[in-house]
Amino acid sequence: MDHRLAGKTAVITGASSGIGRAIVEHYVAAGAKVVAFARNRAALEALAAAHPGAVLAVSGDVTRPADLQRLADEAVKAFGGVDIVVPNAGIARVVSFEDSTPEAFDTQFSVNLFGAVETVRRLLPHLRKGGSVQFISTFLTQVGFPGLAIYSASKAALKSITQTLAAELAPQGIRVNAIAPGPIGTPLWGTVGLPADVLDNVAHSLTARLLPGAFGRPEDIAATSVFLASDDARNIYGQEIVVDGGYTVG
């Protein structure tokens with residue numbers, strides 16, 4: 001059995017489904033205690049029930065400062081501190097450039113950028129030496145895709161913050177990295193705002209460029225996250241690890 005994260009406590013947002021849920025399950029399997037945060041309270045409680053004693057469910061919204069402060073408070077109350085923070089919560093919406101109003105930017109940036117960064121900022125005072133922060137960016141920071149300018153920009157900002165915080169927090173013994181998923185089969189895929197037939201065509205086009213010939217799985221990202229959180233990655237700082245089935249190799 002994998003015990004690479006034994007004795008560590010992790011906070012994972014967007015934990016009720018998809019990549020976030022897979023990360024929770026992989027962390028528990030690796031021996032960690034996990035504070036799972038998301039808006040879907042019922043899904044979190046089911047996750048906690050499936051892993052009794054290993055998962056603490058805290059419901060809330062990453063765009064609400066009071067909810068994030070409660071997350072930090074409950075994590076510290078339960079475990080005394082934190083070793084790993086994965087601000088995974090995110091949203092994606094297809095928006096044409098003509099419709100990319102300040103309000104449209106705010107919708108995605110409030111979660112993908114500001115929510116992620118504020119999650120880390122609230123937990124930083126409680127992050128132990130040797131800790132790991134992992135932002136979730138996207139392979140779209142390396143390629144262009146019509147209608148995803150806002151989404152890609154929000155994630156590109158996270159990539160830049162990853163590099164800056166890696167240098168800023170290293171003296172405190174904290175490593176900061178990012179994981180950039182490629183096309184992954186998650187519930188997020190169905191929420192981007194495209195009709196089903198258009199979505200199917202896009203999926204077919206994307207799959208044609210994937211070397212395995214299929215979308216990745218949430219477990220692929222979770223396994224990478226376990227590695228980055230472990231001592232095996234102790235010399236990795238400020239990197240964006242791309243897990244995209246070879247999409248960006250051309």
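Residues are listed down the side, and each one gets a yes or a no for (1) touching an Asp or Glu at 6+ places or on another chain (Cβ under 7 Å); (2) under 12 Å from Thr13 (Cα atoms); (3) surrounded by 17 or more Cβ atoms within 10 Å (Cβ to Cβ):
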position: Ala72; (1), (2), (3): no, yes, yes
position: Ala75; (1), (2), (3): no, no, yes
position: Ala78; (1), (2), (3): no, no, no
position: Val85; (1), (2), (3): no, yes, yes
position: Gly90; (1), (2), (3): no, yes, yes
position: Glu98; (1), (2), (3): no, no, no
position: Glu103; (1), (2), (3): no, no, no
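Could you please let me know if Ala92 is of a type in the set (A, V, I, L, M) and modelled with pLDDT of 95 or more? For Ala92, the condition - of a type in the set (A, V, I, L, M) and modelled with pLDDT of 95 or more - is not met. Residues in the range 10-32 that are more than 14 Å from Asn88 (Cβ to Cβ) and crowded, with 24+ Cβ neighbours inside 10 Å: Ala32 alone.
In the range 229-250, of all residues being part of a helix (DSSP H, G or I) and in contact with a helix residue (DSSP H, G or I) (Cβ under 8 Å, 6 or more places away or on another chain), the one that is surrounded by the most Cβ atoms within 10 Å (Cβ to Cβ) corresponds to Ala229. Within the range 203-216, the set of residues being assigned to a loop (DSSP other than H, G, I, E, B) and touching a strand residue (DSSP E or B) at 6+ places or on another chain (Cβ under 7 Å) comprises Phe215 only.
The values are calculated or read from the model by the stated rules, or taken from the named source; none is laboratory data. Just so we're clear, the structure is a prediction, and the values are computed from it rather than from any experiment. Virtual Cβ from ideal backbone geometry, glycine too; neighbours counted across all protein chains shown.
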